[in-house]
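J.: Have a look at this one.
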Amino acid sequence: MTVKDHLIIFDTTLRDGEQSPGASMTRDEKVRIAKALERMRVDVIEAGFPIASPGDFEAVKAVAAAVKESRVCGLARALDKDLDRAGEALKGANAGRIHTFIATSPIHMEKKLRMSPDQVLEQAVYAVKRARRYTDDVEFSPEDAGRSDLDFLCRVLEAVIDAGASTLNIPDTVGYNIPDQFGSLIANLRERIPNSDKAIFSVHCHNDLGLAVANSLAAVRNGARQVECTINGLGERAGNAALEEIVMTVRTRQDLFECETTLDTTQIMNCSRLVSGITGFAVQPNKAVVGANAFAHESGIHQDGVLKNRETYEIMRAQDVGWSENRMVLGKHSGRNAFRARLQELGIELGSEEELNSTFSRFKDLADKKHEIFDEDLQALVTDTTLDA
Ligand code: KIV
Ligand code: ZN
């Protein structure tokens with residue numbers, strides 16, 4: 001049996017997802033989402049952009065303190081003040097990463113940064129070295145790589161590896177590429193950069209043409225081993241690559257990929273509902289994997305097929321992404337056993353009987369005020385208990 005590579009899932013719901021107009025989150029909301037991502041075994045959680053505001057600095061700090069299993073990352077431009085602020089915010093992290101970036105496309109360098117390519121290269125190297133003062137885990141992104149010159153990209157990436165970057169993230173910042181082109185870009189970079197084996201190639205695709213997931217997967221088939229994505233595809237403009245679609249494609253089409261993720265996919269629906277509830281961004285009913293109709297069958301022919309054998313019209317099992325077939329509705333009449341069972345289904349372990357009792361009594365208080373208790377309410381109850389402890 002061949003051992004497959006590990007595909008690192010880097011979730012940026014709390015950073016790029018939050019950059020979606022109207023999706024900003026409070027510190028406590030970010031901690032709740034981060035804990036749900038950690039339960040799902042996401043490898044890296046990008047918690048925010050610490051220089052952006054005092055609130056975001058505090059949020060990254062709180063996520064860094066609350067999350068123990070996943071790596072916590074903070075974003076920084078290639079500027080001293082950003083890098084120092086990110087380093088400070090991540091001080092309490094069990095495993096922290098600084099993600100620094102500078103644009104490399106002609107239009108961004110000339111019109112936005114007003115810097116020459118040589119100045120950009122020098123600044124990139126400087127930033128990576130400064131980030132290394134705070135952590136060994138530094139990720140570098142040449143922003144708008146999807147519209148950058150290949151020779152220049154190779155020069156910059158080779159230099160930042162030498163400066164100490166261990167992850168090279170290739171963003172298609174404006175969602176301009178198409179899959180075979182983006183896949184070839186990754187293959188070319190890996191082939192042409194002499195020290196490319198010293199770093200992990202990552203991709204970060206935007207969905208302006210609806211190709212973010214397809215582009216990310218093409219990159220993975222060409223050797224990328226980290227994918228940056230968001231729950232429900234939340235993100236700037238048309239969004240980022242949707243985590244649930246990436247993960248379920250790699251899981252469902254194992255025959256096509258030389259790598260695999262270690263995510264607990266049964267947590268996908270929890271995360272989807274939580275993010276949608278907190279941001280107020282509804283999930284479209286026909287959205288792949290997490291939409292209300294993703295496993296619904298209306299036509300008689302399909303219903304007949306599914307009743308005889310689900311695989312006639314289903315390529316994955318609803319339960320594998322966290323849809324429960326006979327979902328019990330929890331409310332003020334529910335008992336302790338139903339409550340405990342639902343927590344177990346959500347993968348939430350309460351340490352002791354006292355913890356269960358106190359969470360159950362908080363649940364009853366909430367149930368008096370609210371008609372129906374959703375999974376995200378349960379997660380909030382548990383997170384609040386954990387924060388109090
Ligand atoms: O889209 C983009 O280029 C980004 C970078 C900061 C990675 O979000
Ligand atoms: Zn982005």
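J.: Need the failing condition index for K332 against (1) surrounded by 17 or more Cβ atoms within 10 Å (Cβ to Cβ); (2) part of a loop (DSSP other than H, G, I, E, B); (3) basic (K, R), just the number.
T.: Only one criterion is unmet by K332, namely (1).
J.: Still on this structure, please answer the following. Of all residues in region 54-70, count the ones that are surrounded by fewer than 21 Cβ atoms within 10 Å (Cβ to Cβ) and of a type in the set (D, E, K, R).
T.: Of the residues in that region, 3 qualify.
J.: Next question. What is the residue count in region 75-96 for residues that are touching a helix residue (DSSP H, G or I) at 6+ places or on another chain (Cβ under 7 Å), surrounded by fewer than 18 Cβ atoms within 10 Å (Cβ to Cβ) and more than 16 Å from A64 (Cα to Cα)?
T.: 2
J.: So which residues in region 24-42 are in contact (Cβ under 8 Å) with a residue 60 or more places away in the chain and either on the phi > 0 side of the Ramachandran plot or part of a loop (DSSP other than H, G, I, E, B) (or both), if there are any at all?
T.: Residues satisfying the conditions are M25, M40, R41, V42.
J.: If I ask for residues that are assigned to a strand (DSSP E or B) and either at pLDDT below 95 or hydroxyl-bearing (S, T, Y) (or both), which ones from region 200-255 would you list?
T.: Across region 200-255, the qualifying residues are S202, T230.
J.: Please state which one of A212, A218, A224, A187 is on the phi < 0 side of the Ramachandran plot, crowded, with 23+ Cβ neighbours inside 10 Å and away from ligand 2 (no atom under 16 Å from the Cβ).
T.: A218
J.: Here is a further query. Residues of region 256-280 being under 16 Å from R317 (Cβ atoms) and either modelled with pLDDT under 95 or assigned to a helix (DSSP H, G or I) (or both), which ones?
T.: T265, T266, Q267, I268, M269, listed by residue number.
J.: Residues L274, L234: which one is within 25 Å of R27 (Cα to Cα), touching a Gly at 6+ places or on another chain (Cβ under 6 Å) and touching a residue at least 12 places away in the same chain (Cβ under 8 Å)?
T.: Residue meeting the stated conditions: L234.
J.: Next question, about the same structure. Which members of region 3-23 meet the condition of being without any contact (Cβ under 8 Å) to a residue 12 or more places away in the chain and more than 16 Å from ligand 2 (Cβ to nearest atom)?
T.: Scanning region 3-23 gives a single hit, V3.
J.: What is the one condition in (1) closer than 28 Å to A199 by Cα; (2) in contact with a strand residue (DSSP E or B) (Cβ under 7 Å, 6 or more places away or on another chain); (3) more than 16 Å from ligand 1 (Cβ to nearest atom) that K30 does not satisfy?
T.: For K30, the failing item is (1).
J.: For V283, work out the one condition from (1) of a type in the set (V, I, T); (2) more than 16 Å from ligand 2 (Cβ to nearest atom); (3) assigned to a helix (DSSP H, G or I); (4) over 29 Å from D151 (Cβ atoms) it doesn't fulfil.
T.: The one condition V283 does not meet is (3).
J.: Name the residue that is surrounded by the fewest Cβ atoms within 10 Å (Cβ to Cβ), counting only residues in region 146-174 that are in contact with a helix residue (DSSP H, G or I) (Cβ under 6 Å, 6 or more places away or on another chain), outside any helix (DSSP H, G or I) and among the small types (G, A, S).
T.: G164
The values are calculated or read from the model by the stated rules, or taken from the named source; none is laboratory data. Note that the structure is a prediction, hence the values are computed from the model and not measured. Counting neighbours? That spans all protein chains shown, and the Cβs are built from the backbone with ideal geometry, glycine included.
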